[in-house]
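Participant: Structure below; questions to follow.
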Amino acid sequence: MDQEKRICQNCKKDFIIEPEDFAFYEKMKVPAPTFCWLCRAQRRMAFRNERVLYKVKSDFSGKDIFSSYSPDSGYKVYEKEVWLTDQWDPMEYAQDYDFSKPFFTQFDELLHKVPLKNLNVVNGVKSDYSNNATDPKNCYLCFNAGYIEDCMYSHGLSNCRNCVDVSHLSKCETCFDSFWLTSGTKNIGCNNCESCFNTWFSKNCVGCSDCVGCVGLRNKNYHIFNQPYSKEDYKEKLNEFNLGSYDGYQKMKLEAQNFWLKFPNKFLEGAHNSNVSGNYISHSKNVKNSFIIREGENLKFCQYLQENGQAKDSYDWSIWGDNGQMAYECHACGIGVSNIKFCYNVQENVHDIEYSFMCQSSLNLFGCVGLRKKQYCIFNKQYTKEEYENLVVKIRDQMDSMPYVDKVGRIYKYGEFFPTEISPVGYNESMSQEYFPLNREDAVSNGYKWRNAEDRNYKPTIKAEDLPSNIKDAPDSITSEIIACAHAGKGCDQLCVSAFKITSDELNFYRNLGVPLPRLCHNCRTFERLKQRTGLKLYSRNCVKCNKGIETAYRPDQPEIVYCEQCYQQEVV
């Protein structure tokens, strides 16, 4: 088919469907979308509570458990240790399909009946305070991660160990306060570095060691602000910076980030790619309009497919991946999935599944919740293969003839992801708030849920500004203090928890690395760190050096200098 221009149902802006897009939709046997790709991403992300944990009562045992669903959400929640066993049967909640009601109305009813897993952790060991993670071991408040060990207060990690306050790292160890690193060790305050060791506040460096405040260096050591030093002079200067003190650390961090602005950035952050567009993409091929992708192939409009890599041949897939393929309009799905459409949190070798939520190791499901090792089910009811195939055709037709219409008039026929208004989580606690922020009034007027912040009743014993300035002066007793976040939970819009504690393992990490105690709670630290991250949207700009037209995630009003690939390679590499 030829290129086609459409108007997005949600934002009312024009968007283009390319011939290659139509070919993919035909292959997946789905209609073309009626939302633009950014609004599709927003809708999927609105179903994911990325980092907020609540203490709730298990609807199975009555025990206090942690959950990503709030106590007043209206959904049943079981502890995952029970949810994953045969102590209950999700098929008991089966319901017949009612052709007198829209599909999504009936699905929402089922979603409120079937117990949900309190946390989405696969094979976790001593990681009770983490969520959306695969194989975490001895991890604390880590989210959206896979195959990690001894990590704290971090998200977007894959195959990392002993890291604290970091985001979007792969194959790293003992890193702190950093973003988008690959194969690094002991990197502190760094951004977009690869195979670096013992570096501080450096950006876009590869194969470097013992550097401070450097930009764009390759295979260098003992450099400070891109100037070479002898080993002895380097160590003397490092001591003078007094990076173990809060003031010294913050001063150097600010100086380094201002220094970074003097140097060019490649239009796309990433390496070892072929034919890609978007941002934060590495070791990938034929990836378009995508964001934070590692080892992907033939992807478009995808985000956060970084865990263990190998995601391929998919569109509009957000989060996870892990050796999956042929996914369309899916979120938080991974581990060997294939031919899945319009699904949330289906995992572990699921195939040929549509419109399903939190199902595992199954195939041929339509509109199911919580099923494990099942086949040919609709709304959790068992059918024969022939009955299933015939009924699915009828349901798809009925979804077109009797579409769901949300509170503001958006129409959902077959081919659309779940409406945002039936998400189990509030918009402001969802991942969408990070990338598509709304205030309460705008969210509610769009028909979205909003979760009011709960009063935690923390009684701080010490203010952030009264903490010891230097990590050398921090006593063991600091672990018994309740520290008031410097943001005090007011006006920061960063899911501030108002107060926090320092654990003994955390204190040892700061001491061993020689970095000061934090002044902000873990949520505020995360949002401050992510200010380095670009958004999803791409902009048309010109290379600052050659004036060639480029498409980049760096907004035109940002201060960064942006080069095309060729100019960047000539000047920096």
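Participant: If the chain between Q532 and Q257 were fully stretched, how many nm would it gain, using 0.36 nm times the residue separation less the Cα-Cα distance? Each step should come with its number before you reach the end.
Facilitator: On the way: separation 275, 0.36 × 275 = 99.00 nm, distance 0.97 nm.
Full extension from Q532 to Q257 adds 98.0 nm.
Participant: Turning to a different aspect of this structure: Give the distance, in whole Å, between the Cα centre of the stretch 231-247 and the Cα centre of the stretch 422-481.
Facilitator: If you average the Cα positions of each part, the centres end up 33 Å apart.
Participant: Below 8 Å between Cα atoms, with a sequence gap of 6+, how large is the relative contact order for the stretch 462-532 in percent? The partial results should precede the final answer.
Facilitator: Numbers: 92 pairs, mean separation 24.9, N = 71.
Computed value for the stretch 462-532: 35 percent relative contact order.
Participant: If you place +1 on the Cβ of every Lys and Arg and -1 on the Cβ of every Asp and Glu, how big does the dipole about the Cα centre of the stretch 163-262 come out, in debye to the nearest 20? Kindly include the intermediate steps, with their values, before the conclusion.
Facilitator: Numbers: 11 positive and 11 negative charges, 60 e Å.
The calculated dipole for the stretch 163-262 is roughly 280 debye.
Participant: Obtain the nm distance between the two label points defined at T461 and Q570 by a simple spin-label model: each point lies 7 Å from its Cα along the Cα-to-C-beta direction.
Facilitator: Label-label distance for T461 and Q570, simple model: 6.2 nm.
Participant: Could you sort 413-419, 438-444 so that the peptide with the highest average Cβ count within 10 Å comes first and the rest follow in order?
Facilitator: On the way: 413-419: 21.6, 438-444: 14.0.
My ranking of the peptides, most packed first, is 413-419, 438-444.
Participant: A follow-up question, please. Could you give log10 I(q)/I(0) at q = 0.06, 0.10, 0.12 Å⁻¹ for the chain, computed by the Debye formula over C-alpha point scatterers of equal weight, without solvent?
Facilitator: Log10 I(q)/I(0), no solvent term: -0.31, -0.86, -1.22.
Participant: I would also like to ask the following. Can you tell me the length gained on complete extension of the stretch C546 to K57, counting 0.36 nm per residue apart and subtracting the Cα distance? List each step's numbers first, then the result.
Facilitator: Working: separation 489, 0.36 × 489 = 176.04 nm, distance 6.11 nm.
Residue separation times 0.36 nm, minus the Cα-Cα distance, leaves 169.9 nm.
Participant: Distance check, please: which entries in K186/K266; K266/K300; K63/K385; K55/K373; K171/K231; K253/K449 exceed 32 angstrom between their Cα atoms?
Facilitator: Working: K186/K266 25 Å; K266/K300 21 Å; K63/K385 40 Å; K55/K373 30 Å; K171/K231 27 Å; K253/K449 38 Å.
With Cα atoms farther than 32 Å apart: K63/K385; K253/K449.
Participant: On to the next question. Taking R0 as 35 Å, what's the FRET efficiency between K27 and I411 from their Cβ-Cβ distance, rounded to 0.05?
Facilitator: On the way: r = 25 Å, r/R0 = 0.70.
Calculated transfer efficiency: 0.90.
Participant: Also, I was wondering about something else. Peptides 150-159, 88-97, 468-477: what's the order by average Cβ count within 10 Å, highest mean first? Kindly include the intermediate steps, with their values, before the conclusion.
Facilitator: Details: 150-159: 25.2, 88-97: 15.3, 468-477: 13.8.
So the peptides 150-159, 88-97, 468-477, ranked by packing, come out 150-159, 88-97, 468-477.
Participant: Dipole of the stretch 28-150, Cα-centred, from +1 at each Lys and Arg C-beta and -1 at each Asp and Glu C-beta, to the nearest 20 debye?
Facilitator: Computed charge dipole of the stretch 28-150: roughly 520 debye.
Participant: How big is the C-alpha Rg of the stretch 163-262 next to the rule-of-thumb value 2.2 N^0.38 Å, as a ratio?
Facilitator: Working: Rg = 12.1 Å, N = 100, 2.2 N^0.38 = 12.7 Å.
In units of the 2.2 N^0.38 Å rule of thumb, it is 0.96.
Participant: Based on the Kirkwood radius over alpha-carbon pairs, what is the Stokes-Einstein translational diffusion coefficient of the stretch 462-532 at 4 °C with 1.567 mPa s viscosity, in µm²/s?
Facilitator: Values: Rh = 12.5 Å.
Rounded to a whole number, D works out at 103 µm²/s.
Participant: I've got another one for you. Using r as the Cβ-Cβ distance of S361 and E454, and R0 as 51 Å, what FRET efficiency do you calculate, to the nearest 0.05?
Facilitator: Working: r = 35 Å, r/R0 = 0.69.
That pair, S361 with E454, gives E of 0.90.
Participant: Got the relative contact order for the stretch 163-262 handy, in percent, Cα pairs under 8 Å and 6 or more residues apart? Working shown, then result.
Facilitator: Details: 243 pairs, mean separation 14.0, N = 100.
This gives 14 percent for the stretch 163-262.
Participant: Which value, in debye to the nearest 20, describes the size of the charge dipole of the chain about its Cα centre when Lys and Arg Cβ atoms bear +1, Asp and Glu Cβ atoms bear -1, and nothing else is charged?
Facilitator: Details: 70 positive and 74 negative charges, 164 e Å.
Around 780 debye, computed over the chain.
Participant: Let me ask something else. Could you run the Debye sum over the Cα atoms of the stretch 405-537, one equal point scatterer each and no solvent, and tell me log10 of I(q)/I(0) at q = 0.17, 0.19 Å⁻¹, two decimals?
Facilitator: -0.96, -1.10
Participant: Expressed in whole Å with the largest first, what are the equivalent ellipsoid semi-axes of the stretch 175-214 derived from the C-alpha gyration tensor as the square root of 5 times each eigenvalue?
Facilitator: Working: eigenvalues 22, 21, 16 Å².
So the equivalent ellipsoid measures 11, 10, 9 Å along its semi-axes.
Participant: Expressed as a whole number of Å, what is the distance separating the alpha-carbon centroids of the stretch 496-573 and the stretch 307-371?
Facilitator: So the two Cα centres are separated by 30 Å.
Participant: Can you figure out the FRET efficiency of N286 with F66, using R₀ = 45 Å and their beta-carbon distance, to the nearest 0.05? Walk me through the numbers on the way to the answer.
Facilitator: Working: r = 40 Å, r/R0 = 0.89.
Once rounded, the FRET efficiency stands at 0.65.
Participant: Per the Kirkwood formula on distinct C-alpha pairs, the Rh of the stretch 307-366 is how many angstrom? Show your work: numbers first, answer last.
Facilitator: Working: mean 1/r = 0.0961 Å⁻¹.
Result for the stretch 307-366 stands at 10.4 Å.
Participant: Label D557 and V393 with points 7 Å out from Cα along Cα→Cβ: what is the distance between them in nm?
Facilitator: 5.4 nm
Participant: Let me make sure I get this right: for the stretch 13-152, a, b and c are the square roots of the gyration tensor eigenvalues over alpha carbons, sorted descending. Under 1.5 in a/c it's rounded, otherwise prolate if a/b > b/c, else oblate. Which is it? List each step's numbers first, then the result.
Facilitator: Values: a/c = 2.27, a/b = 1.36, b/c = 1.67.
Verdict is oblate for the stretch 13-152.
Participant: Report relative contact order for the chain in percent, whole number only (criteria: Cα-Cα under 8 Å, sequence separation at least 6).
Facilitator: Details: 1411 pairs, mean separation 63.2, N = 573.
Averaging sequence separation for qualifying contacts and normalising by length gives 11 percent for the chain.
Participant: Sticking with this structure for a sec: For K385 and E18 in one chain, what is 0.36 nm times their gap in residues minus the Cα-Cα distance, to one decimal in nm?
Facilitator: Numbers: separation 367, 0.36 × 367 = 132.12 nm, distance 3.55 nm.
Using 0.36 nm per residue and subtracting the Cα-Cα distance, I get 128.6 nm.
Participant: Between rounded, prolate and oblate, where does the stretch 309-432 land on the alpha carbon gyration tensor, with a ≥ b ≥ c its root eigenvalues, rounded for a/c under 1.5, else prolate if a/b exceeds b/c? Before the final figure, lay out the partial values.
Facilitator: Details: a/c = 1.66, a/b = 1.02, b/c = 1.62.
It is oblate, given that a/c is not under 1.5 and a/b is not larger than b/c.
Readers should treat all values here as calculations from the given coordinates under stated rules, not as data from a laboratory. Just so it is clear, the model here is predicted, and its values are computed rather than measured. All Cβ positions, even for glycine, are placed from backbone atoms using ideal geometry, and neighbour counts span all protein chains on display.
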